[in-house]
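Below: the structure, in structure tokens.
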Amino acid sequence: MTLLPPLVPADTVWITRCPVPTATAIALHHGWFDQAFTARGFRTQTLQDTTDPKLRSQHFYHDLRTLFREGGNVPAFWARAKGHDNTVVVGLTWVDETQLLLARPGSGLTPDALKGKVLGLSNAPGAVDIWRAMALRGYETALKLHGLTLDDVTLKDLHAPEVNWNGQRRGGTWSSASEDALLSGEVDLIYAKGAPAVALQAKHGLEVVLDLNTLSDPVLRINNGTPRPITVHRHFLNDHPELIALYLRIIDQASDWARANPQRVADIIASETGTTPDAVRAGYGEKLARSFDVSLSPERVAAFQDQADFLFRHRLIEAPVDVGQWIDGSALKAAREAPDLALPLQPLETV
């Protein structure tokens, strides 16, 4: 099943990313995509800068042939499971982030005392409920640590606004319905992540019951953004493999730049997440600047499959997904082996 893609100029390369830490955002900030693709006869544009609802929806459906997407895995899995098999995963990133289970001030709730508690769960209409998937994964992991399952708690559906890109305000990472339900006493616990979660906790003085990001086993930190896929249209890879490799080479450069400029990274990501540099540092940790590398390592691929299996097990996607049939490592290999792809790209400004 595919939707008719929007009519767009053939010489335009489109880019989209989620409002989270991405190497794509760093490269966009410096103008590196413009420099590199213009030199090859293409202009660049981001979905975030267009007001066309049909174009914005491509962040989910990815029928647009010249689109690069670096974003959460839940929408990507959802689209593929529904039959939108037009994409290829060309790389995986992994940016750890604070994943908080939050309770009201004074609750005294601890991770080993969750049995019988009411946990808030987004119930949004529309295409895909990303926040529901993230919270459910976080809850299941937290419960498993203490020998519990989702059957040992009450999952409270909370009506939430539809999740889409048509006028969506970037910067939010959880449903305001969950926040309201916690503060009103309707639920005992909610899930929130990243820099906005840190800001929410500080705003209301909420108690942190557990931060999943402190768990040493990466499998326990798997969620929508860990790992995060970079996807392209299958025809784009077939017709212009050199452009896919170029994009990935630029992502490598952004990763290298971030490693050398940790303080500037916080400023860029604050703009992306709609928070502050301090919230970014608290929400993504001191390793953030060293976390933008792209890889198709066995560990990341296994984590990607683990997330696919979780989503299908809980019927958050319609069909199972075999990530091995979805991944194509040829462009990443080319990006690492072709020296002629290297460009003397310079930042347009200093953060």
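Each reported figure results from applying straightforward, stated rules to the coordinates on display, with no laboratory input. Nothing here was measured: the structure is a model prediction, and the numbers come from that model. Positions of Cβ are backbone-derived with ideal geometry, glycine not excepted, and every protein chain shown enters the neighbour counts.
Pull up the DSSP beta bridges for segment 99-221 and report the antiparallel fraction as a percent, rounded to 5.
Values: 8 of 15 bridges.
Approximately 55 percent, going by the DSSP bridge assignments.
Please figure out what share of the DSSP beta bridges in the chain is antiparallel and state it in percent, rounded to the nearest 5.
On the way: 19 of 35 bridges.
If we restrict to bridges inside the chain, about 55 percent are antiparallel.
Step by step: find N for the chain, compute 2.2 N^0.38 Å, then divide the Cα radius of gyration by it. What's the final number? Please list the in-between numbers first.
Numbers: Rg = 19.8 Å, N = 351, 2.2 N^0.38 = 20.4 Å.
Expressed relative to 2.2 N^0.38 Å, the Cα Rg reads 0.97.
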With no solvent and one equal point scatterer placed on each C-alpha of segment 48-123, evaluate the Debye formula and give log10 I(q)/I(0) for q = 0.14, 0.18, 0.20, 0.21 Å⁻¹, two decimals.
-0.71, -0.87, -0.95, -1.00
Rounded Å value of the spacing that divides the Cα centres of segment 71-107 and segment 17-53:
21
In debye to the nearest 20, the charge dipole size for segment 99-221, taken about the Cα centre with +1 at each Lys and Arg Cβ and -1 at each Asp and Glu Cβ, equals 300
Nearest-20 debye value, the chain charge dipole, Cβ charges on Lys, Arg, Asp, Glu:
180
Could I have the simple spin-label model distance between residue 242 and residue 211, label points 7 Å from Cα toward Cβ, reported in nm to one decimal?
4.7
Label-point gap, in nm, between residue 115 and residue 10 - each point 7 angstrom along Cα→Cβ
6.6
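Test of understanding: express the Cα radius of gyration of segment 99-221 as a ratio to 2.2 N^0.38 Å, with N the residue count.
Values: Rg = 13.7 Å, N = 123, 2.2 N^0.38 = 13.7 Å.
Dividing the Cα Rg of segment 99-221 by 2.2 N^0.38 Å gives 1.00.
Which value, in debye to the nearest 20, describes the size of the charge dipole of segment 240-345 about its Cα centre when Lys and Arg Cβ atoms bear +1, Asp and Glu Cβ atoms bear -1, and nothing else is charged? Walk me through the numbers before you get to the answer.
Values: 11 positive and 16 negative charges, 48 e Å.
Approximately 240 debye in magnitude.
Please compute the length gained on full extension between residue 180 and residue 314, using 0.36 nm multiplied by the number of residues separating them and subtracting their Cα-Cα distance.
On the way: separation 134, 0.36 × 134 = 48.24 nm, distance 2.53 nm.
Separation in residues times 0.36 nm, less the Cα-Cα distance, equals 45.7 nm.
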Spin-label pair residue 202/residue 306, simplified geometry with 7 Å Cα→Cβ offset, distance in nm
3.1
Tell me the mean residue ellipticity at 222 nm calculated for the chain from its helices only (DSSP H runs of n ≥ 4, each -39500 (n - 2.57), averaged over every residue, nearest 500).
-11500 deg cm²/dmol
